[in-house]
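**Student:** Questions regarding the structure given below will be posed in turn.
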Amino acid sequence: MNVLVAGGAGYIGSHAVRQLIEAGHRVVAVDNLYRGHGQAVDRRAVFHEIDLAETHALADVLAKEKIDCVMHFAALTYVGESVTDPLAYYDNNTAGTISLLKAMKTAGVKRMVFSSTAAIYGEPDSTPIVETARLEPVNPYGWSKWCVERVLRDYAASDREFAFVAMRYFNVAGAAADGALGEDHDPETHLIPILMQTALGQRDKITVFGTDYPTPDGTCIRDYIHVEDLCAAHIVAMNALRPGDTRCYNLGIGKGYSVKEVIESARRVTGRDIPVEYGPRRAGDPAVLFADADKIQRELGWSARHTELDAIIATAWKWFERHPGGYET
Ligand code: UFG
């Protein structure tokens with residue numbers, strides 16, 4: 001298939017580009033390089049520096065490259081930033097996707113695999129979270145993605161040939177097995193990369209945000225899914241899409257780890273001392289989030305290969321050891 005990957009220079013998009021190529025697809029990557037890295041884009045892909053707002057440029061590329069399916073990863077993804085700058089999130093994530101859909105309509109492209117998020121569930125009533133759970137985000141980031149799912153549903157209702165699948169990610173982690181691709185965010189706010197940077201001595205310590213949650217050890221529980229497993233699920237979902245499909249799937253391993261367990265795992269994997277301080281809760285963090293990932297297994301036969309945290313963190317560590325300064329090293 002000819003696949004356009006929007007956000008192909010980002011953390012997840014760059015892994016998807018490579019996996020798609022290795023699965024035999026022809027890949028065109030687009031990215032505005034605002035937070036992505038040109039070096040992360042596989043050289044076998046065609047690359048265009050285009051912003052989602054550039055509807056006409058996108059439509060041209062979609063038509064000229066005879067694109068069959070769009071995988072859409074391009075988004076702003078910091079929860080905290082979305083609270084202080086909500087317009088940027090609705091603009092990039094929601095309006096940006098509408099621009100991309102308009103370009104797809106012009107070019108007659110009828111399939112989209114969309115990066116959604118567990119943040120659209122907000123504070124769940126119960127865990128594990130099933131796809132039919134109440135959708136009530138607790139921050140603008142989650143709402144910006146919720147809006148896109150709504151738009152996709154309405155658009156699909158207006159064009160019976162259009163098909164989409166919304167992939168609702170839990171905590172994406174790890175790096176390519178060969179250490180060539182990995183996570184390089186600036187600023188970095190995610191737990192595992194911060195632990196890796198602390199193990200490397202680039203940070204003095206990690207602050208645990210809250211020890212008084214109603215969980216066995218008092219710290220938050222999350223479901224960490226390996227980035228390569230996540231990308232593999234996208235390819236399986238893309239291949240399964242039929243005209244008129246409006247699907248959504250949780251992407252997690254279906255198992256939760258507490259912040260303290262993640263820290264212990266990082267210490268085991270790196271063999272380094274990782275100093276910890278205990279601080280107050282971070283605003284907006286739900287206590288427990290983990291997926292019921294049965295639906296995608298039942299319907300598409302996909303399940304995560306990496307189901308142990310140590311194995312996931314080992315791939316992140318390989319990347320950080322080889323690239324202590326990110327893609328610049
Ligand atoms: N944490 C710390 N210290 C840190 C960083 C994180 O204790 O320095 C804790 C957080 O409080 C949280 C856990 O580690 O309990 C995981 O935090 P991350 O920032 O790594 O990830 P989040 O669970 O906050 O965010 C993820 C995705 C978001 C998505 C969100 C949905 O990265 O894109 O889940 O809730 F929006």
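The values are calculated or read from the model by the stated rules, or taken from the named source; none is laboratory data. Being a predicted model, the structure only gives us computed values, none of them experimental. Methodologically, a virtual Cβ is constructed for each residue, glycine included, from the backbone with ideal geometry; neighbour enumeration extends over all protein chains shown. Ligands, DNA and RNA are excluded from the accessible area calculation, which covers all protein heavy atoms including side chains. Shrake-Rupley method; radii C 1.70, N 1.55, O 1.52, S 1.80 Å.
**Student:** Cα to Cα, under 21 Å, and not fewer than 8 places away if on the same chain: which lysines meet these conditions relative to K105?
**Tutor:** Straight-distance partners of K105: K64, K66, K145.
**Student:** Please figure out what share of the DSSP beta bridges in the chain is antiparallel and state it in percent, rounded to the nearest 5.
**Tutor:** On the way: 2 of 40 bridges.
Bridges in the chain that DSSP calls antiparallel: roughly 5 percent.
**Student:** Send over a whole-number figure in Å² for the accessible area per residue of segment 17-145, probe 1.4 Å.
**Tutor:** Counting only protein heavy atoms, the per-residue value for segment 17-145 is 45 Å².
**Student:** List the residues whose amide H sits under 5 Å from the amide H of F47, counting only those 5 or more places along or on another chain, with H placed 1.01 Å from N in the peptide plane.
**Tutor:** A29
**Student:** Given points 7 Å out from each Cα along the Cα-Cβ axis, report the H56 to R281 separation in nanometres with one decimal.
**Tutor:** So the two model labels end up 5.0 nm from each other.
**Student:** Can you tell me how much longer the chain between L33 and D212 gets when fully stretched, taken as 0.36 nm per residue apart minus their C-alpha distance, in nm with one decimal?
**Tutor:** This chain segment gains 60.5 nm when fully extended.
**Student:** By its C-alpha gyration tensor, with a ≥ b ≥ c as the square roots of the eigenvalues, how is segment 135-193 shaped: rounded for a/c under 1.5, else prolate for a/b larger than b/c, else oblate?
**Tutor:** Numbers: a/c = 3.49, a/b = 1.78, b/c = 1.97.
Verdict is oblate for segment 135-193.
**Student:** While we're here: Per DSSP helix of 4 or more residues, -39500 (n - 2.57); summed, then divided by the residues of the chain. What does that give at 222 nm, rounded to the nearest 500?
**Tutor:** Helices in the chain give a 222 nm mean residue ellipticity of -11000 deg cm²/dmol.
**Student:** Sort the following peptides by mean Cβ neighbour count (other Cβ atoms within 10 Å, averaged over residues), highest first: 158-170, 9-21, 127-139.
**Tutor:** Peptide ranking by packing, descending: 9-21, 158-170, 127-139.
**Student:** A further question follows. State the Cα centre-to-centre distance between segment 264-280 and segment 294-329 in whole Å.
**Tutor:** 19
**Student:** Calculate the FRET efficiency for E264 and H185 from the Cβ-Cβ distance with a Förster distance of 25 Å, rounded to the nearest 0.05.
**Tutor:** Working: r = 23 Å, r/R0 = 0.94.
Once rounded, the FRET efficiency stands at 0.60.
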